[in-house]
Amino acid sequence: MKPEQWIIGYDTGTSSKTIWAVMMDAVTGNEPWHTFGVPGDPDDFGRCYRLLVLFPEWRARLNEVAEKFPEWIGLVREWDKLSLLYERDYPTGRSDELYKAMQVLIDEGRVAAGWIQTAPGCWERKRA
């Protein structure tokens, strides 16, 4: 499969499309704020994981995603650990440990991107 074919397939989501857009140099900076995002749960992570299985050369470039989108910084840094949790728990269809690990890293990324936690689970970002 070619990357141009993947994007019109069924195994996509906002976070995997974010990886694709960075790898394909398709980020202009003019997209609406909600166009890109991080994987929010193990299902989202799985779509990203499978994308990188299809295009393994992109794994070495994953830091480019965090450079464009600071929300990804912790996820990219811990990608190998998260992948091991996903691989271990994939057959069961449930991974509480992966979910918890992701939430900590997502919060780290929000802080890196300028978000402020206003209450547990509540975040605010000042826009220019």
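Structure summary
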read-out	value
Residue satisfying condition, being over 21 Å from residue 97 (Cα atoms) and at pLDDT below 95, within set 18, 28, 12	28
Residue tally, condition free of Cβ contacts under 8 Å to residues at least 24 places away in the same chain and of a type in the set (A, V, I, L, M, F, W, C), over segment 80-114	4
Candidate set from segment 108-128 (those that are of a type in the set (Gly, Ala, Ser) and not in a helix (DSSP H, G or I)); member that is nearest to residue 73 (Cα to Cα)	113
Some residue of segment 64-76 being touching a Pro at 6+ places or on another chain (Cβ under 9 Å) and farther than 10 Å from residue 19 by Cβ	yes
Sole residue being closer than 23 Å to residue 125 by Cα and out of contact with any helix residue (DSSP H, G or I) (no Cβ under 7 Å at 6 or more places or on another chain), chosen from 18, 28	28
Filtered residues of segment 118-128 (kept if over 15 Å from residue 40 (Cα atoms) and either of a type in the set (Gly, Ala, Ser) or over 20 Å from the mean Cα position of the chain (by Cα) (or both))	118, 119, 120, 126, 127, 128
Search result, residues across segment 46-83 that are under 16 Å from residue 99 (Cβ atoms) and either in a helix (DSSP H, G or I) or polar (S, T, N, Q) (or both)	46, 47, 48, 49, 74, 75, 79, 81, 82, 83
Tabulated pairs, segment 54-71, first under 18 Å from residue 115 (Cβ atoms), second assigned to a helix (DSSP H, G or I) and among the polar types (S, T, N, Q), C-beta under 8 angstrom, 6+ apart or interchain	65/18; 69/18
From 55, 36, 45, residue being crowded, with 21+ Cβ neighbours inside 10 Å and closer than 21 Å to residue 24 by Cα	45
Test: residue in segment 35-42 that is in contact (Cβ under 8 Å) with a residue 60 or more places away in the chain, in a helix (DSSP H, G or I) and closer than 17 Å to residue 14 by Cβ	yes
Filtered residues of segment 36-62 (kept if among the β-branched types (Val, Ile, Thr) and under 17 Å from residue 6 (Cβ atoms))	53
Residue among 78, 97, 108 that is surrounded by 11 or more Cβ atoms within 10 Å (Cβ to Cβ), under 16 Å from residue 43 (Cα atoms) and touching a helix residue (DSSP H, G or I) at 6+ places or on another chain (Cβ under 9 Å)	97
Number of positions in segment 13-33 that are assigned to a helix (DSSP H, G or I) and either surrounded by fewer than 12 Cβ atoms within 10 Å (Cβ to Cβ) or basic (Lys, Arg) (or both)	2
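The values are calculated or read from the model by the stated rules, or taken from the named source; none is laboratory data. Since the model is a prediction, treat every value here as computed from it, not as a measurement. Positions of Cβ are generated from backbone atoms using ideal geometry, with glycine treated the same way; all protein chains shown enter the neighbour counts.
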